[in-house]
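Okay, so here's the structure we're looking at.
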Amino acid sequence: MAETSETLLLLAPLRGVLLPLAAVPDPVFAEGLFGEGVAIDPLGDTLVAPCDGVVLHLAATGHALTLQAPCGAQVLLHVGIDTVSLRGDGFTPCVAQGTAVRQGDPLIRFDADRVARQARSLVTVMAVANGNAFAVADRTDAGLAEAGRTVVLQVRVAGAVGAAPAATPAPQADVADVTHAAATRRRTVTLACAGGLHARPAARARAAMQGLDATVTLHYGGRQASLASLVALLALSADEGATVELAASGRDADAALDAVARELQRTDAGEAHAVFPVGAAPVAPGGELPPGCIAGVAAAPGLAIGPLHWWRDTAPDPDQAGQGVDAERAALRAALVAVDAQLAHDSAAAEARRAPAEAGIFAMHRALLEDPALRQAAAALIDAGKSAGFAWREATRAEAATLSAMVDRRAADRAADVLDLGKRVLRALAGSHGAVHAAAGVPLADGAQSVVLAADEFTPSDLTGLDRNRVAALVMVRGGPTAHAAIMARQLGIPCLVALGGALEQWPDGTPVIADGDNARLYADPDADLLAAAASTVALRAQQRQADLRAAHTAACTRDGVRIEVAANIGSVDDARHAVAQGADAVGLLRTELLFLHGAAAPTVGDHTARCQAIADALDGRSAIVRTLDIGADKDAAWLRLPPEDNPALGLRGVRLAQACPQLLDDQLRGLLAVRAQARLRILLPMVSEVGELLHWRTRIRALAAEAGADAGIEVGVMIEVPAAALLAEQLAAHADFFSIGTNDLTQYTLAMDRCQPALAARMDALHPAVLRLIAATTEGAARHGRWVGVCGALAGDALAVPVLLGLGVTELSVDAGLVPATKARVRTLSHADCRQRAPELLQLASAAAVREACRRYWPA
Ligand code: PEP
Ligand code: MG
C-alpha cells in the first residue's frame, strides 16, 4: 500500500495479531459504529502513533485517544474492551491532549497483565472516527503486525466537507466506550442557572462531561442541540426555569447525565456582573438630559475625564477567493490551533491573577472555537472555493447574526463573543496579534493624558493587555452590561458605559468628555462648572491614593503606637515586585500552587527552588511566608491526574494531597529548603485539620533540612481555614510557630457556602459573628503559647473589618498588593485599645449585617 497525497497509511499501533473488526467481542465496535478499522490482539504493551498527528482527545481514564492526522482524518485508538471501567488503573498515557506526535511515538503504555485480569478483553481497536470524510480503502486484518512498522490501513479522503476540522465531532464521541453506546438514557432537568442556558453554564456543562465516554443532546421547545455546540445550545433560548430533556448515549451515559444536570441545576452561572448592580440610569427629572449628555447603561463604576479616542478595529480584510481547498483547510486548522493556544494563555493568566470571571470568558471562547456548527459552516465555504479567512469570517458573522436576533439579551450579548473569535482567527491567519496590543498602545495626545476609549462594541480580545494607565474609561455605542468586555472592565477597575447609542458616533476623536460610570452618563464638552466638579472628585480620589502610597513605605502603627505588619498576598515574581512597589512590609502568603497550575508535569525540586529563589530575590530583603501547594477544590492542576471527587472542596486538597502524593510535598520542601534568601522564609501548611498533620510535616521538614544541611529551625505555621483548626488552636499552637487565618475558606466551611457560588456571594460575609468567634478562638489559643496570628484571607483587606481583626488580637494583615497603601492608612486611623475593647461585643451580635452596621458606627471607614 503506497502513500500518496490523497491517501494516509496507518501503521499498526501495537505488536499483535491482526483481526477484522467483526471479531471484536463487542457489538458496537464489531458493527463498525465507531468507524471502519481493524483490531489487534496485543502481544506488546505500548500503543504507538499509527501516523503523524495531534492528540485531539485523550480519555481521562487513559485507555483511549483520538489522533488527528495532518489531512484531517481522526483515528480512534481504544485499548481493550470495557477498559473505561478500570478508571485509569494500569494505563499510563505518554502524551497529553494537544500533543503533536510523529508516527511510531509511544502514546499509551499499559500493564497488560493487570488490564487483562480486570477487563473483558485486551483486543484493541483502531478505527477512523470521521468516516463521513475519510474512507478505508484497503486493510490488512490477519497475521502478525509489528508496532509502528506494519501498514494495516489505507485511508482516503471521501471528498466530504468534514475532512477539514469542520467535521470535528464532539470529542467525547471519539472514545465512547462500546458497551452501552447503543442505549439512550434520558433525563428531564429544570434550568436553575440565572439567565437560563447562556454561554457559561453551557460551556461548563460541556466541560463537565469531557473525558466521559458519552454524547449528550439537549431537547427544548421541539428543537435539539448537541452539547458539543455552544452556539446550537444558545440558539435554543432556554430560559431560567425551563424544563429541558437530556438524552445521552455511550458507556458513561449515566455519569454524563449526572454531570450535565448538575451544571444546569446550579443556581447561578458565575456571573461577575451580579456583584455590580448594572442597568440603565434613570433619565433626569423632567425626562430631559442636559445638552451634550447621553444616557447609557452603567457597566462598571467610577468617574473619568479625558479626550474621547475612537478605537478602530484592525481585523484584517481577507480575500474572498481561496488558494486551493487543501491549503485553505490547512491554514484554518493552523490558525485555530494558534488561537486556542492564545486563549489558553489568556485564561491561565487571568486565573493566576485570581480573576475567575475573566478566565471563564476565555475558557468559554475555547469551547466556542471547537463548535462544530461554526467549523462546518467554514469548511463548507472553503470547499466552495473561498479562502480560510473569508470562510471563517462569514461563518462567525452568520452565527453572530443568529445570536443577535435572539430576544434573550444575554444570548444576544454572546454575538460579540462569536465576532471576537472571528477577529482572533483572522489575525492569526494574517500572522498578527493586531488589536490585542494596539488596544494597549493607544496613541495619546501630548501631555500623556489618558483617554476615554470609545468603540461600537469592545470584545474581550480587544481588552487583553489593555494598559490601565492609558485608558481612563471605556464607552460603547452598543453592548450590554453582561457582555464579556463589561465584565473585564469591572475586573480591571475601569469605569465603563455601554449602549450609549448612535449619538456617541457623532462625537469625534479628541472631544473632551466625562464618563460617569456611577450614574450611566457621558458628557461631551462639559461646561466649566461640571468639569470642575468632576475634576475635583477625580483629583480627590487620586490624591488619596497617592498619599496612601507615599506613606505605605513606612511601618503602620495604630494611633496608640501598636505596630501592625501589613504584608502582601502574591502568586508570581511580578506580584512580588508589585508588592514591593506598593510598600508591603513582607509577603504574608505566597500561593505556590499558582506558580505551577499550568505546567505540563509536576514541578521538580529544581523548579521549586528556581521559582521561589526568583521571588525571594525580588523581595529586596523582605521576609516571606511560603504556603505549600494548595491544589484541589477550585484550583485544579492538569498534571495531577487524580480521580474526580464529588465534593472537591471537602476532599484531597491542601496538605491532605500529600496523603495521595507524598512525593509532591517532599519535592517542594526540598526545593524550598535550598532557597537562599536575604530575609526569613517561613513555611505555611494549608488545610490542616488535625495536630497529627502538623507534627508529621514538622518532623519531615526537620529531617529534610538536616539531609540538605539547611536551617532545621525554619518556622512552620498553620493556616487556620477549617473550623476544626480554629477550635483546636491551643493544641496546634503548642507545635506551630505562627498562624495565618484563611478567612476565605474559613467562611466557606463555617457557613457551608461554596466560595465559588455567586448566588451566595452576598451572604458569604466573613464578618459573620460565627466566623469572628472562630477568629477569636484562634487568637486565644495562640496567645496561650505566645504565638502570633495573621490574616491572609480577603477579610484582611476589608477596611471595615480591619479594626475588628486588630481588636481580636491579629497582628499581621496580608492583602492584595494594591490594597497595602489603603490598609496601612486605615491602621493609622485606629486606636488599638479602642479596638480591643469593642471587638468582643461584636461576637454577641446575630448577623454579619449587624456586625457591619456596628463597625460603621464605631469605626467609620
Ligand atoms: C483563604 O482561604 O482565605 C486563603 C487565603 O487561601 P486561598 O484563598 O488561596 O484558598
Ligand atoms: Mg484557603
Theoretical gain in end-to-end length, Ala247 to Thr188 [0.36 nm per residue, Cα-Cα removed]: 20.3 nm
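Translational D (Stokes-Einstein, µm²/s) of the chain at 10 °C and 1.306 mPa s when Rh comes from the Kirkwood sum over C-alpha pairs? Please report the intermediate quantities before stating the final value.
On the way: Rh = 29.7 Å.
Taking Rh from Cα pairs, D becomes 54 µm²/s.
Can you give the Rg to Rh ratio for region 701-818, taking only C-alpha atoms and Rh from Kirkwood?
For region 701-818, the value is 1.03.
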Contour minus Cα-Cα distance for Thr829 and Ala703 (0.36 nm per residue): 40.8 nm
Euclidean distance between Cα centres, region 788-861 to region 679-706, Å: 29 Å
Over 19 Å [Cα-Cα, region 529-590], rounded percent: 50 percent
Relative contact order of the chain, pairs being alpha-carbon contacts under 8 Å that are 6 or more residues apart, as %: 9 percent
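Could you work out the per residue convex hull volume over the alpha carbons of region 28-157, in cubic angstrom?
Working: hull volume 12.5 nm³, N = 130.
Each residue corresponds to 96 Å³ of Cα convex hull volume.
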Measure of compaction for region 652-700 (Cα Rg per 2.2 N^0.38 Å): 1.20
Gyration tensor over alpha-carbon atoms, region 805-861, equivalent ellipsoid semi-axes in Å: 21, 13, 11
Given charges at Cβ of Lys, Arg, Asp, Glu: the chain dipole, positive-most of Leu594, Val716, Ala255: Val716
Calculated over region 761-812: convex hull of Cα atoms, volume per residue (Å³): 70 Å³
Over region 593-747, volume per residue of the alpha carbon convex hull, in Å³: 110 Å³
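Using the eigenvalues of the Cα gyration tensor, what equivalent ellipsoid semi-axes result for region 577-642 when each is taken as the square root of five times the eigenvalue, whole Å, largest first? Kindly include the intermediate steps, with their values, before the conclusion.
On the way: eigenvalues 122, 35, 16 Å².
Working from the Cα gyration tensor, I get semi-axes of 25, 13, 9 Å.
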By average C-beta atoms within 10 angstrom, highest first, the peptides 848-859, 119-130: 119-130, 848-859
Spread of Cα-to-Cα distances over 5 Å intervals beginning at zero, given as percent, for region 45-93: 5, 23, 30, 22, 13, 6, 1
For the chain, share of DSSP beta bridges that run antiparallel, in % to the nearest 5: 70 percent
Principal axis dimensions, largest first and in whole angstrom, of region 82-134 by Cα: 37, 24, 18
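Starting with the highest mean, order 525-533, 56-64, 93-101 by the number of other Cβ atoms within 10 Å, averaged over the residues of each peptide. All intermediate terms of the calculation are to be shown ahead of the outcome.
Details: 525-533: 12.4, 56-64: 24.7, 93-101: 17.1.
My ranking of the peptides, most packed first, is 56-64, 93-101, 525-533.
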Residues of type lysines that Lys386 reaches as a straight line, Cα spacing below 22 Å, ignoring anything fewer than 8 places off in the same chain: Lys423
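Helix by helix, which DSSP H runs in the chain go 18 Å or more along their axis at the Cα atoms and have an average Kyte-Doolittle hydropathy of -0.5 or more?
Details: long enough: 325-352 (40 Å, 0.41); 356-369 (19 Å, 0.77); 388-404 (24 Å, -0.12); 409-429 (31 Å, -0.22); 528-551 (33 Å, 0.13); 605-618 (20 Å, -0.06); 691-708 (26 Å, 0.09); 769-783 (21 Å, 0.93).
Span-like helices in the chain: 325-352, 356-369, 388-404, 409-429, 528-551, 605-618, 691-708, 769-783.
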In Å, descending, principal axis extents of the Cα set of region 299-395: 52, 32, 19
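Only the coordinates and a few stated rules stand behind these numbers; no lab work does. In this text, all values refer to a predicted model and were calculated from it rather than measured experimentally. We place every Cβ from the backbone using ideal geometry, glycine too, and count neighbours over all the protein chains shown.
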